[in-house]
Amino acid sequence: MTNQDHLSTELRRLRKAAGLSGTEAARLTGLSQSKVSRVETGAFMPTEDQVVALCGVYRAPAKVRRALVAITRDLREEASSARVVLQRGAWRMQQRIGKIETASARIRSFQPTIVFGLLQIRDYITALFGDSLPADERDQTVDARLERQRILDSNREFHFVLTEGALRWNMGGAATMQAQLDHLIEVSRRGRVRLGVIPWTAPVSVPVLHGFDIYDSRAVLLGTQTATALVTDEREVADYEKNFTEVERYATYGDIACSHLARIAADYRQLAVEPLQ
């Protein structure tokens with residue numbers, strides 16, 4: 001268990017042991033109810049003073065309070081501009097992201113380079129992690145990512161936008177990509193999922209450097225080559241919401257999006273039969 005996981009789990013345990021609801025804890029500490037919830041899911045990094053306040057209303061022993069304050073201090077020293085950096089690929093990270101997703105009513109994602117984690121098939125995920133992890137940890141990570149996808153069957157709102165370039169990146173080979181595209185077509189027809197595709201022919205005027213996931217209007221997850229960062233600064237979250245609004249206007253939806261997906265799948269189907277030399 002990471003320090004962040006320990007902090008959120010312990011604060012949740014202390015609240016329940018004190019017999020308080022999240023609303024009551026918020027009222028007694030002066031925090032918002034949503035902030036108390038986000039602390040307990042790991043989506044928000046509390047300050048040392050906020051941890052002291054929570055421990056106070058929970059009547060936590062002094063030893064426990066000192067330990068949690070020390071963990072908070074260490075985590076905030078590791079963070080930069082409200083970013084909590086998580087080790088790339090670890091299966092525990094997949095579980096933590098799953099907790100953030102579960103605590104969200106609305107998830108918006110943009111990807112210019114790869115397929116969204118919530119929409120990836122097993123073969124695609126396996127190819128994505130490749131040899132970057134030991135075999136046993138890779139299998140755990142793949143299973144954890146697939147487990148996260150159960151959330152697609154909930155009543156949450158999902159809005160995904162990706163570029164044709166992301167779909168042209170031949171991850172795992174033509175057969176894997178064909179199956180992945182067929183899966184995207186199937187998922188796009190679910191009532192709570194809105195899937196947008198930006199075709200390569202669409203002229204754009206918005207520069208994008210990386211993909212991102214927005215959870216409600218409270219947190220953004222960013223993936224880099226070596227790490228994953230969770231951004232909770234309100235101004236930065238607002239910037240990413242603006243960026244999402246800018247890119248989604250270039251996307252196609254519904255039958256038009258499915259026609260693009262089918263067109264790309266057909267290219268992979270042909271590639272599987274007649275590989276390019």
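Rule-based calculations on the coordinates, nothing more; no lab input. No experiment lies behind these values; they were computed from the predicted model shown. In this analysis, Cβ positions are derived from the backbone assuming ideal geometry, glycine residues included, and neighbour counts consider all displayed protein chains.
Taking the number of other C-beta atoms within 10 Å as the exposure measure, put 274, 246 in order starting with the fewest.
If I rank by nearby Cβ atoms, fewest first, I get 274, 246.
If the reach is capped at under 24 angstrom between alpha carbons, list the lysines near residue 16, excluding any in the same chain fewer than eight residues apart.
Partners found: 35, 63, 99.
Round to a whole angstrom and tell me the spacing of the C-alpha centers of region 192-228 and region 92-150.
15 Å
With every atom except the alpha carbons ignored, what do you get for Rg and Dmax of region 3-78, in angstroms?
Calculated on Cα positions, Rg and Dmax stand at 10.9, 32 Å.
Quick check for me: using +1 on Lys/Arg Cβ and -1 on Asp/Glu Cβ, what's the dipole size of the chain about its Cα centre, in debye to the nearest 20?
1040 debye
Sorted by mean Cβ packing within 10 Å, highest first, what order do the peptides 175-184, 45-54 take?
175-184, 45-54
Just to confirm the number: angle between the C-alpha axis of helix 174-188 and the first principal axis of the chain, 0 to 90 degrees, nearest 10?
60 degrees
Provide the percentage of antiparallel DSSP beta bridges, counting only those with both residues in the chain; round to the nearest 5.
60 percent
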